[in-house]
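A.B. asks: Below: one structure in structure tokens.
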Amino acid sequence: MVQVTVIGSVSMDLVVTADKRPLAGETILGHSFETVPGGKGANQAVAASRLGAKAVMIGRVGDDVYGGAILENLRKNGVSTQYVEPVTDCASGTAHITLAEGDNSIIFVKGANDFVTPAYVEKAKEAIRTADIVLIQHEIPPETVEYAATICEKYDVPLVLNPAPARQIPKEVTEKAAFLTPNEHECKVLFEGMSRTDALKRYPNKLIITEGENGARYFDGSEEKVVPSFPAETVDTTGAGDTFNAAFAVAVAEGKEIGEALRFANRAASLSVTKFGAQGGMPTREEVEGQ
Ligand code: RIB
């Protein structure tokens with residue numbers, strides 16, 4: 001069993017469904033409201049665990065009611081929470097999600113996720129040293145991402161950097177990561193002023209651009225390749241990117257070559273969108289392999 005260590009956010013998702021998004025100053029009627037576990041880091045840890053990896057989470061919760069529920073959900077999904085400590089007098093991270101017109105829009109409030117500091121990661125470095133692969137995202141402070149990249153390099157553990165939400169990163173971090181997995185928008189922010197083709201060519205077999213239902217694109221050293229996605233009956237796309245990243249990391253850690261790992265990731269992501277909630281549709285290993 002491979003070990004996937006995830007450094008990132010753990011949050012509660014507050015999800016409203018409606019026919020449309022309200023305009024500024026407008027009040028509209030919604031259809032439903034639900035509270036479900038989320039956070040890009042936690043989602044990736046849960047997805048990796050369901051796919052058969054030993055998943056270890058490095059993150060922080062608040063000392064509020066959500067904190068306990070988030071921890072319980074991670075444990076229920078087989079994720080190690082040894083390195084998920086509560087922050088005193090602090091709210092847990094929350095994501096305020098509107099599902100309307102076939103897509104989501106999200107306001108993320110960091111809360112305790114802001115306390116995933118370099119010093120905190122330093123305390124948890126044993127979980128990085130023992131990992132086969134590490135996953136990290138952008139819902140924690142930028143200096144922590146930089147620090148984690150340094151530790152991964154020191155221990156020679158491959159790092160998958162999922163640069164979501166979009167923000168620029170120092171070149172040293174880009175160089176230290178084994179894989180970068182932006183979507184099209186994040187890619188434009190990351191490689192400002194550069195064409196997609198030039199960015200891909202600069203990072204062969206390392207930069208993977210996710211393009212939703214069109215699949216995933218990378219440059220293999222001689223040509224640009226697109227690994228197509230699988231058709232799905234979409235209910236909720238929240239968490240599809242997290243499922244993709246986790247499945248890709250698990251497959252790479254298991255020794256699959258990049259094309260095969262991307263096919264596995266696309267299959268997992270296509271199943272994840274068929275149910276409500278970021279983690280609701282995340283598939284098990286058997287479900288992905290049976291597809
Ligand atoms: O990637 C999806 C996640 O990002 C949601 O679960 C939500 O927490 C958001 O921040």
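The values are calculated or read from the model by the stated rules, or taken from the named source; none is laboratory data. All values reported here derive from a predicted model rather than from experimental measurement. For neighbour counting, all protein chains shown are included, and Cβ atoms are generated from backbone atoms with ideal geometry for every residue, glycine included. The accessibility values were calculated without ligands, DNA or RNA, using every heavy atom of the protein model including side chains. Shrake-Rupley method; radii C 1.70, N 1.55, O 1.52, S 1.80 Å.
A.B. asks: Per residue, what volume in Å³ does the Cα convex hull of region 132-282 take up? Walk me through the numbers before you get to the answer.
C.D. replies: Working: hull volume 15.3 nm³, N = 151.
Spread over its residues, the Cα hull of region 132-282 gives 102 Å³ apiece.
A.B. asks: With the dipole of the chain worked out from charges on the C-beta (+1 for Lys and Arg, -1 for Asp and Glu) around the Cα centre, which of Pro118, Phe230, Gly241 lies farthest toward the positive end?
C.D. replies: Checked the options; the winner is Pro118.
A.B. asks: Tally up the carbon and sulfur contribution to the accessible surface of the chain as a whole percent, 1.4 Å probe, everything protein left in place. Mind showing how you got there, number by number?
C.D. replies: Numbers: 6430 of 12640 Å².
About 51 percent, which is the carbon plus sulfur part of the accessible surface.
A.B. asks: Follow-up. Can you return the lysines within cross-link range of Lys110? Criterion is Cα-Cα under 22 Å, with same-chain partners fewer than 8 residues away left out.
C.D. replies: Correct list for Lys110: Lys40, Lys123.
A.B. asks: Given an 8 Å cut-off on Cα distances and at least 6 residues of separation, report the relative contact order of region 172-291 as a percent. Please report the intermediate quantities before stating the final value.
C.D. replies: On the way: 182 pairs, mean separation 22.9, N = 120.
Once divided by the residue count of region 172-291, the mean separation gives 19 percent.
A.B. asks: Suppose the Debye formula is applied to equal point scatterers at every Cα of region 49-150; what is log10 I(q)/I(0) at q = 0.16, 0.18 Å⁻¹?
C.D. replies: -0.78, -0.96
A.B. asks: Continuing with the same structure: Give the Kirkwood hydrodynamic radius (Å, one decimal) of region 96-148, defined as one over the mean of 1/r across all pairs of different Cα atoms.
C.D. replies: Working: mean 1/r = 0.0764 Å⁻¹.
13.1 Å is the Kirkwood radius here.
A.B. asks: Please pull out the direction-averaged projected area of region 202-291, using the convex hull of its alpha-carbon atoms, in nm² to one decimal place.
C.D. replies: Details: hull surface 22.0 nm².
Averaged projected hull area, Cα only: 5.5 nm².
A.B. asks: So what's the Cα pair-distance distribution over the chain, bin width 10 Å, in %?
C.D. replies: P(r) over the chain, rounded to whole percents: 7, 30, 37, 21, 4, 0.
A.B. asks: What is the magnitude of the charge dipole of the chain about its Cα centre, with +1 placed on the Cβ of each Lys and Arg, -1 on the Cβ of each Asp and Glu, and no other charges, expressed in debye to the nearest 20? Could the numbers behind the result be given before it?
C.D. replies: Details: 28 positive and 40 negative charges, 88 e Å.
In total the dipole reaches around 420 debye.
A.B. asks: Still on this model: Divide by every residue of the chain the summed helix terms, -39500 (n - 2.57) for each DSSP H run of at least 4, and state the resulting mean residue ellipticity at 222 nm, rounded to the nearest 500 deg cm²/dmol.
C.D. replies: Values: 11 runs with 102 residues, N = 291.
Value at 222 nm, helices only: -10000 deg cm²/dmol.
A.B. asks: Over the chain, what relative contact order in percent results from Cα pairs under 8 Å that are six or more residues apart?
C.D. replies: On the way: 681 pairs, mean separation 50.9, N = 291.
Relative contact order, the chain: 18 percent.
A.B. asks: Something else: Sort His31, His138, His96 by accessible area with a 1.4 Å probe, largest first. Don't jump to the answer; show the numbers that get you there.
C.D. replies: Details: His31 125, His138 10, His96 70 Å².
Ranked list, largest accessible area first: His31, His96, His138.
A.B. asks: How big is the dipole moment of region 165-216 about its Cα centre under a simple scheme where the beta carbon of each Lys and Arg is +1, that of each Asp and Glu is -1, and everything else is neutral? Debye, nearest 20, please.
C.D. replies: 200 debye
A.B. asks: Using the scaling law 2.2 N^0.38 Å as the reference, what is the normalised Cα Rg of region 190-253?
C.D. replies: Normalised Cα radius of gyration, region 190-253: 1.22.
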